[in-house]
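Worksheet: one structure, shown below.
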Amino acid sequence: MLALGGIFFAADLAAWHLGIEQTKLANATLFGNAASFLFPIYGFLAARMLPSRSQAAALALAAAGAVLLLGQSYELSPQNLVGDLLSLLAGIFYTVYLVAIDTARRRLDPWRVLAFTTVAGLAPMLLFAHLLGEAIWPRAWWSLAGLAVVSQLLGQGFLVYAMGHVRPVVVGVAFLLQPIMSAVIGWVVYAEAMGAADLVGASAIAAAIVLVRRGSAEGGSLEVALKDAKDEA
């Protein structure tokens, strides 16, 4: 599972970086975040249970928020089709990576999972870079170091740690913080104005995160109660 996780993480990066060059940024972000909904579906299937009302409402609210946040920039056209499909494929690859991580976390601590999946992804990532004609030897070491520490060590490290403590539906909805942060960075750094729809969408996603945590807590209490009843019987 660790090897599978590394391979699909590399495939996710390759597909998304190809897709982003052939579609709009909003399209790539929207389709690339398909894991926000696919991974919770896996969680419900694995647990053999339906989402609670709070969880279902949170997913619906998160979807509406994502559409509002990216809807003004999204553009459906034949010119973007290849890029859209590649970005969607990246989201599917990332979902498989998350499933592998979730499985591995049941037996291993987070840092070993992160270390082994990172190493497992090196060879396929090198192969993809070579096939795509990318520069293998970096020219900007500080940028590379920043990506390694912030994105991989901290970002993936916190994700792998969290997956041992929260449910897939919480992880999935929390991923939608990414388009919110993209919009905020665009506003602060690049002077890209945020309209009313952007603010409503961001608020909807924030509310969905609170709601899904509440739904998960309720579901966890129900599971504990059922287990206790079974033990008493």
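Taking the stated definitions as given, is Ala123 surrounded by 12 or more Cβ atoms within 10 Å (Cβ to Cβ), under 18 Å from the mean Cα position of the chain (by Cα) and among the small types (Gly, Ala, Ser)?
When the stated conditions are applied, Ala123 does not pass them.
Could you give every pair whose Cβ atoms fall below 7 Å, whose first residue belongs to the stretch 132-161 and is within 23 Å of Tyr94 (Cα to Cα), and whose second residue is surrounded by 11 or more Cβ atoms within 10 Å (Cβ to Cβ) and of a type in the set (Val, Ile, Thr), counting only separations of at least 6 or pairs across chains?
The qualifying pairs are Gln152/Thr118; Val160/Ile101; Val160/Val113.
Which one is modelled with the lowest pLDDT, of the residues in the stretch 43-97 that are in contact with a helix residue (DSSP H, G or I) (Cβ under 6 Å, 6 or more places away or on another chain) and among the aromatic types (Phe, Trp, Tyr)?
So the residue we want is Tyr74.
Okay, residues lined up against (1) closer than 14 Å to Leu176 by Cα; (2) not hydrophobic (A, V, I, L, M, F, W, C):
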{"residue": "Ala10", "(1), (2)": "no, no"}
{"residue": "Phe37", "(1), (2)": "yes, no"}
{"residue": "Gly65", "(1), (2)": "yes, yes"}
{"residue": "Leu86", "(1), (2)": "no, no"}
{"residue": "Val96", "(1), (2)": "no, no"}
{"residue": "Ala104", "(1), (2)": "no, no"}
{"residue": "Pro110", "(1), (2)": "no, yes"}
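Among the listed residues Val171, Val189, Val200, Val113, which satisfies the condition of being surrounded by 11 or more Cβ atoms within 10 Å (Cβ to Cβ), of a type in the set (Val, Ile, Thr) and farther than 22 Å from Ala63 by Cβ? Show your work before the answer.
Details: Val171 fails: farther than 22 Å from Ala63 by Cβ; Val189 fails: surrounded by 11 or more Cβ atoms within 10 Å (Cβ to Cβ); Val200 fails: farther than 22 Å from Ala63 by Cβ.
Checking each option against the conditions leaves just Val113.
The values are calculated or read from the model by the stated rules, or taken from the named source; none is laboratory data. Just so it is clear, the structure is predicted and the values come from calculations on it, not from any experiment. Every residue, glycine as well, gets a Cβ built from its backbone with ideal geometry; the counts of neighbours run over all protein chains shown.
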